[in-house]
Amino acid sequence: MESRTNIPRYAMPDEVQHTYSKFSDWKFKLFRVRSMEKAPLPSEPPPNVAVPPKSQGDEDLGHPGSLMKLCLGGKSKENVEAASQRVDQKLQEMDTHMGCLKSLCRLCGMSLRKAKGPEHDVQDTLDESSRLSLRKMGCKAQGWPEVILKVFKVDVAADMETVHPQAFCHRCWMAAMRGGGFCSFGPTRVPEWRPHTSGCPLCFPKKPSAFQRKGRKRAKALRRAPALAKRVKREAQSVAAGVGGKRVLRALVDQQQQQQQQPPHGPVSRSSRVKPDTQRALWVKNITLCQRDHLSSKLLPDDLPADFLRAVTCQVCDHLLSDPVQSPCRHLFCRGCILKYSRALGAQCPACELPCPEPTELKGPPKAFLVVLQSLPLLCPREGCGELVRMDSFRAHCQGHLHQRQPDEDDLLGPDVDRDLDGYLPVNKGGRPRQHLLSLTRRAQKHRLKELKNQVRAFADKEEGGDTKSVCLTLFLLALRAGNEHKQADELEAMMQGRGYGLHPAVCLAIRVNTFLSCSQYHKMYRTVKATSGRQIFQPLHTLRAAEKELLPGFHPFEWQPALKAVSSSWDVGILDGLSGWMSSVEDVPADTIARRFRYDVALVSALKDLEEDLMEGLREQGLDDSSVTGFNVTIKESCDGMGDVSEKHGGGPALPEKAVRFSFTIMSVSAQVEPEDDEPASSPVIIFHEMKPNSELSCKPLCLMFVDESDHETLTAILGPVVAERDAMKESRLILSLGGLPRSFRFHFRGTGYDEKMVREMEGLEASGSTYICTLCDSTRAEASHNMVLHTITRSHQENLERYELWRTNPFAESADELRDRVKGVSAKAFMETQPTLDALHCDIGNATEFYKIFQDEIGEMHARHGNSPPPDREERRRWRAALDKQLRKKLKLKPVMRMNGNYARRLMTAEAVEVVCELVPSEERRQLLRELVGLYLQMKPVWRSTWPARECPDQLCRYSFNSQRFAELLSTAFRYRYDGKITNYLHKTLAHVPEIVERDGSIGAWASEGNESGNKLFRRFRKMNARQSKTFELEDVLKHHWLYTSKYLQKFMEAHKNSAKALQATINPEEIVDDSDMLLEVPDF
């Protein structure tokens, strides 16, 4: 039986066999042309087309196969189109394109023939007349690129011959002259030049429509390159569909028809036709333009073999190899020639058409070949010399002729023989192949550059004052400019000028946190700056989030020895729920609150790593060796305060009160324990870090945030209970943390001093501040404190308050309520957190100013003149006294009255100037003197408890404090007895009775105050607006996270270094319009 393949019907392709086959599919495959496909750009590599697997039947042409293969006569399309012909076609197109560019102006895009006047090279230096004219108008430019950049805002330094025209017309020259080299008064619109493509508008301009041609002259065709010979034309026609389709073929035919209509001098003979290889060489030379830079191969002797000549000449320009590089296919090129060739025609080998890597990634040939290349004999082109000179000595030999040599047009070296002779120095003279500098080890790099390094250092010491870094950066900048690497050069120059091509992520994070920008606000600023400047100056949000992780707790590993009791040993712990571990209720009360916190030990580790640079600097300043330090002691100040009503004031419905509490800590000092040497007593710890601003919000790190009223003792106890447990566990253990590359041991000492009186009474379980027991430091009652204002001592402690609570709870002696209250001295609840007996300087100042404000009112109303039988003043009378005082202070001091005393009002009120203003309203001169003396004594005592280090800042007031307090108490009990007979305020009692004892014990009162935690209250509201989210749970997490970042020492250092980043940003966006104004600063909080 006859095989089915021999039947004509079954020998058809599969697409034609079935009656209902998809005729449109195979018809499109048959009749489609390459012009419908996207041709790759000259600078792009050829696309990688996946080849479908061949079936067994496809190998036999008789078997039914592809319809395209039948149309090509059984041959593939790649076999029909020769690779060399495709390259020649691309070269011809590029030559035609460059011919079109030569006739156009770089700046306005018009034809150079239309502008009457000479042409000017955009890369050339200024001619003498132009330079003098611009000099008169204040322009000090030396070359046209600088003038064009200022006038037309175009950087022509990075232009390419295959993309941009290299000349500009006389009209643009006149525009630059009129603008004085600084601006342009004419509407010159610089066109956007693009690389050559198959549909290039320069090579194939579109013909105007019939409507556009009415009443207008027909546009003349642009000048083109010489037409091809007939043979070349036929070769080009066979491959026209591969590179440009019918448009390319039509353009070639039109070119040849124009040339035939205008014959040069008669019919073209067969001998005058240009051979394809010669035409190809001309096209390549027009692209590389290296005739004046490279040595001609005609300098070699004539008796050398042809294969040897091909080995030592460039495969692109046919000159002797200069700075040779080798492709993976073992072909050699000049580095500059292959770079220009790849930019024009794509990354492929000019010899074999195989794909090549980028020219910057090509490696040099073996060392043995370089030795042979440098030993080539070259014929001296000097007339009358005729000497054969080695290539490595050719430069020195030619320099000997320079002083007597005259330029000659027929000279093979050209008129600029000394232009690039430095490129022909000996490379290496034997040994193994020379490796590239970047592939060497650091030690080998130092050895190779040892001589250069010594020369640069000597030059820097002699000329630049030893600034070797600036010299090296300047050399690198000049090298980048010389190699047309202008983008990298701009980045380097911006970094050298302090502007920065892109800000560090930590700088961007510091700017965002310190300016309180939300995610959307920062992203909008990031996009605006990027669109305005064209550069990525600020980092995107995902980069900032990666930088946040290193600064937040839970990033650094650590270990406790022994392990903490009832605390997990994991270290990668972030933000915790403050209610974790609770039951559904606390003491039968539902837990209706939100709390977020860090684990105490994890937060301390992050704070120590934030201080790593300061600690290492302290060790170096103290001259301590790592081997002599046995451990570190860290002193922590704890603070806790209520922030009042923080509810949102917008939205519908009534504003419900929403109170919040923040617990925070401050690292006050870090001391190093030094191991004593043999036969020496143990030395005291050496302080290597001391917090210079302990009352700043920047040094007070938040640990826990909670929506709770500070007077809610049960909820506050339950939330802060885990914090207390972690703190007690850390007291009995030591931390092992890597610091400075070495594991180090830390012990912590906690001091709860940053509490106001209300918070102290809550934590220690004492009665409210209006209680009979006036003081939180001693057991005195209000009556006892008013009769004896000075002679008291500190008697209360945390342990004693716990014992008194047990007496209050159990009542072992079956006493009455008054007797039991007198026995426990005002303890009414269990103390849940240990506090250090001290004085809160901030609230003491505010409380005393409130008391003096009332004294001023009483003196205006002459309360001292009223006898005991006189009726007390009514409310209306006291209101008149207060109105008179407020009016006087506002008139004289511009001090506006406030509803509630605050720190700023208290500081302005308690001054000698304010007392003189008040005395103008006091009728009696005697009372004026007493009032001045009372306020003067207070102003003498105030620096002792307000200053951070009283022994250094106010030693005289510290020595006289006891005397001043005695005299102050005497005045209160005599001249102002009408107010302090049997009563005294809490803060006046602590001021007169306990300040010297606390200063003697702690060395300071102001450093341990709660001012830092108080000043952080405004930050809570700002961060809450910054992170407005629907859920308060996530909102509290964002506030806690950004408040922690706000206190980071690492970010603060970046912010200090970039305070003038607004000026740097403006200089980066528009360097021409930057003004040297020292007042232009970024609006960030001044810290």
TODO: Name the shape class, rounded, prolate or oblate, that the alpha-carbon gyration tensor gives for region 822-873, where a ≥ b ≥ c are the square roots of its eigenvalues, rounded holds for a/c under 1.5, and otherwise prolate holds if a/b is larger than b/c and oblate otherwise.
DONE: oblate
Open item on the list: Give me the 1.4 Å probe accessible area per residue for region 291-355, excluding ligands and nucleic acids, in Å².
Closed with: 45
TODO: Return the carbon/sulfur percentage of the accessible area of region 288-409, one whole number, probe 1.4 Å, all protein chains in place.
DONE: 51
Task: Ranked order, 308, 968 - accessible area, probe 1.4 Å, largest first - done: 308, 968
- [ ] With r as the distance between the Cβ atoms of residue 953 and residue 677 and R0 = 30 Å, compute the FRET efficiency 1/(1 + (r/R0)^6) and round to 0.05.
- [x] 0.25
TODO: Multiply the residue separation of residue 892 and residue 541 by 0.36 nm, subtract the distance between their alpha-carbon atoms, and state the gained length in nm to one decimal.
DONE: 121.2 nm
Task: Contour minus Cα-Cα distance for residue 524 and residue 304 (0.36 nm per residue) - done: 72.3 nm
Open item on the list: Probe of 1.4 angstrom, ligands and nucleic acids ignored: what's the accessible area per residue over region 447-521, in square angstrom?
Closed with: 60
Open item on the list: Can you give me the C-alpha center-to-center distance between region 530-578 and region 708-742, rounded to a whole angstrom?
Closed with: 20
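What FRET efficiency would be calculated for the residue pair residue 401, residue 1053, taking the C-beta separation as r and a Förster radius of 45 Å, to the nearest 0.05? Could the numbers behind the result be given before it?
On the way: r = 62 Å, r/R0 = 1.38.
Calculated transfer efficiency: 0.15.
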Open item on the list: Give me the mean projected area, in nm² to one decimal, of the convex hull enclosing the Cα positions of region 886-962.
Closed with: 6.2
- [ ] Take 709, 818, 601 and sort them by solvent-accessible surface of the protein heavy atoms, 1.4 Å probe, largest at the top.
- [x] 818, 709, 601
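What accessible area per residue, rounded to a whole number of Å², is obtained for region 977-1046 using a probe radius of 1.4 Å?
The answer is 37 Å² per residue.
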- [ ] Just grab the label-to-label distance for residue 193 and residue 1015, each label 7 Å out from Cα along the Cβ direction, in nm (one decimal).
- [x] 5.9
Task: Net charge over other residues, Cβ less than 14 angstrom from the Cβ of residue 866 (K, R count +1; D, E count -1) - done: -2
- [ ] Note down the accessible area of residue 173, probe 1.4 Å, to the nearest 10 Å².
- [x] 50
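Which entries of 549/701; 825/983; 896/1041; 758/1049; 90/487; 758/896 have Cα-Cα distances beyond 26 Å here?
Check vs 26 Å cut-off fails for 896/1041; 758/1049; 90/487; 758/896.
The values are calculated or read from the model by the stated rules, or taken from the named source; none is laboratory data. Source: prediction; values computed, not measured. Positions of Cβ are backbone-derived with ideal geometry, glycine not excepted, and every protein chain shown enters the neighbour counts. Only protein heavy atoms, including side chains, enter the accessible area calculation; ligands, DNA and RNA are left aside. Shrake-Rupley method; radii C 1.70, N 1.55, O 1.52, S 1.80 Å.
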